[in-house]
1. What do you reckon, is Lys154 within 16 Å of ligand 2 (Cβ to nearest atom), surrounded by fewer than 23 Cβ atoms within 10 Å (Cβ to Cβ) and touching a residue at least 60 places away in the same chain (Cβ under 8 Å)?
2. Considering only residues that are open to solvent by less than 60 Å² (accessible area, probe 1.4 Å) and either under 21 Å from Val365 (Cβ atoms) or aromatic (Phe, Trp, Tyr) (or both), which ones fall in the range 320-342?
3. Please enumerate the residues belonging to the range 157-184 that are within 11 Å of ligand 2 (Cβ to nearest atom), assigned to a helix (DSSP H, G or I) and touching a Pro at 6+ places or on another chain (Cβ under 8 Å).
4. Got at least one residue in the range 325-346 being within 16 Å of ligand 2 (Cβ to nearest atom) and touching a strand residue (DSSP E or B) at 6+ places or on another chain (Cβ under 6 Å)?
5. Kindly indicate the residue of the range 176-217 that is among the small types (Gly, Ala, Ser) and more than 13 Å from ligand 1 (Cβ to nearest atom) and also nearest to Gly158 (Cα to Cα) among those meeting that condition.
6. Checking the condition under 17 Å from the mean Cα position of the chain (by Cα) and in the same structural domain as Leu305 (by TED's automatic domain parsing), which residue from Leu185, Leu216, Leu179, Leu275 passes?
7. Do you know which of the residues in the range 314-329 that are more than 24 Å from the chain's Cα centre (by Cα) and away from ligand 1 (no atom under 16 Å from the Cβ) is modelled with the highest pLDDT?
Amino acid sequence: MNDQKIKSAIISTDVELRSLVAKVVGEDDMGIVVGLEVVVPFHEINDSHLEQLRQLSPELIFLDVSDDPVMGLKFAQFLVEGAPNRRVVGMGEVLTPELLMQAMQAGVTEYLPAPVTVEKIQDTIDRLARKFGHRGVEERKREPGKLFAFFSPKGGAGSTSVATNTAVSLHILTRRRVLLVDLDLELGETALLLGVEPRFSFVDLVRNFHRVDAGLLASYIERHDSGVELLSAPFHPAKAETVTGDQIRQILHFLKQHYDYVIVDSSKSFTAPTLATFEQADGVFLVTNVDLPSLRNITRCLPLLERMGAVKEDDWLRILVNRYQPNAPITLKEIEKTLGIPVFWTLSNDFEAVMNSINQGKPIVLQEKTAYAKDLKGFVSALTGISGPSEDGKGLLDSIGRPLKKIFNRSDA
Ligand SMILES: Nc1ncnc2c1ncn2[C@@H]1O[C@H](COP(=O)(O)OP(=O)(O)OP(=O)(O)O)[C@@H](O)[C@H]1O
Ligand SMILES: [Mg+2]
């Protein structure tokens, strides 16, 4: 039996369809990892997209042809010819008999006519998994994901900005499933920073936790265009009152079984839910600014955190200095001396970039190059041990190149 995950790609201009496929496919027990999403219409697919496909070399591709069925089926043929063991699952409008024949000739393994549902995708994957020689759902076991909590005992230190941008950057760097959880249940702002309007929140998950399964969990989660997923705080603070530490502990444990990374923006207060978050965390980042009130607050909560950290890994508790200015009157050495632990990373003071991003609802790491984005990406690389593409290298967002039609004749996808 094969224990490796099947690498897959999703090609569709339809954000809802992509989101649905990614949610079902990405379930931990499916044995499939989504390594790439191509979101442009066929006539905009270019060398850069093909290079990404070539590098990933997915065994499974979900290809939505509704944009242009004729061109889509030609692309399917191109993808299958590039790798004969590859399975292409077509999706889109009901095909005419002629097009259906063309799809079969192109080597499309299965075709899912609209509306594509969770059940249709799951059935297809189950059939394909057997062809790939993978274990059945029940047999499959996986390592739980890693949970990192961001906490600041002083308001406005930048914990929400760091947590949100870390989640986005982590997903882009690793292409793993990353869930951002907003546990600032009273006035959480992660949804605002991502520019999404969630329909449900953590509190809805708490209320229905007794009957939760992967499908119900997916319905509470909002997917950002970057691919990162969000479990938001409730819009109305009153809804937060009822959540207990036990509930947080159980839910975070459950979420770690479903995601590769869970990033938590914690509340400012040392309440039972915050302590339960620390208990579940594989790492806690204390976010601080370089000023005396911030450092004083950190010093006050360090003994408790260090007691909790005694049963964890050595580097469980790490310091992140935000709004760092190298010429500040208090130096990093002095901070380390005061706190008694080394500073893990610093993030530049970059008010304009951070404010613009908050106002536009677009994470800083997706914006133009800024000092903050560079530092943040460095932080995520240090956290994962994976280095990203060089700053001047061509990234995932590149979309200049030759139209697809001209590329059809090549065979190097
Ligand atoms: N590196 C930075 N440089 C400049 N300004 C920053 C930086 N990080 C955050 N800020 C600013 O600080 C403010 C607070 O940021 P953020 O909401 O991320 O902090 P927080 O710790 O989550 O705050 P809260 O206590 O409200 O939850 C924002 O207005 C943001 O513009
Ligand atoms: Mg905050």
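The values are calculated or read from the model by the stated rules, or taken from the named source; none is laboratory data. Everything quoted here is computed from the prediction, not taken from an experiment. All Cβ positions, even for glycine, are placed from backbone atoms using ideal geometry, and neighbour counts span all protein chains on display. SASA here: full protein model, heavy atoms, side chains in, ligands and nucleic acids out. Shrake-Rupley method; radii C 1.70, N 1.55, O 1.52, S 1.80 Å.
1. Here the answer is yes, as Lys154 does meet what is asked.
2. Hits for the range 320-342 are Leu320, Val321, Asn322, Tyr324.
3. Step one: filter the range 157-184 for residues within 11 Å of ligand 2 (Cβ to nearest atom), giving 157-164, 182-184.
Narrowing further to those that are assigned to a helix (DSSP H, G or I): 159-164.
Correct list: Thr164 only.
4. no
5. So, considering only residues that are among the small types (Gly, Ala, Ser) and more than 13 Å from ligand 1 (Cβ to nearest atom), the one nearest to Gly158 (Cα to Cα) is Gly195.
6. It is Leu179.
7. Looking at the filtered set, the residue picked out is Pro329.
Rundown of residues vs (1) away from ligand 1 (no atom under 13 Å from the Cβ); (2) aliphatic (A, V, I, L, M); (3) assigned by TED's automatic domain parsing to the domain that holds Gln325; (4) at pLDDT 90 or above, yes/no style:
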{"position": "Val343", "(1), (2), (3), (4)": "yes, yes, yes, yes"}
{"position": "Thr346", "(1), (2), (3), (4)": "no, no, yes, yes"}
{"position": "Tyr372", "(1), (2), (3), (4)": "no, no, yes, yes"}
{"position": "Leu376", "(1), (2), (3), (4)": "no, yes, yes, yes"}
{"position": "Glu391", "(1), (2), (3), (4)": "yes, no, no, no"}
{"position": "Asp398", "(1), (2), (3), (4)": "yes, no, no, no"}
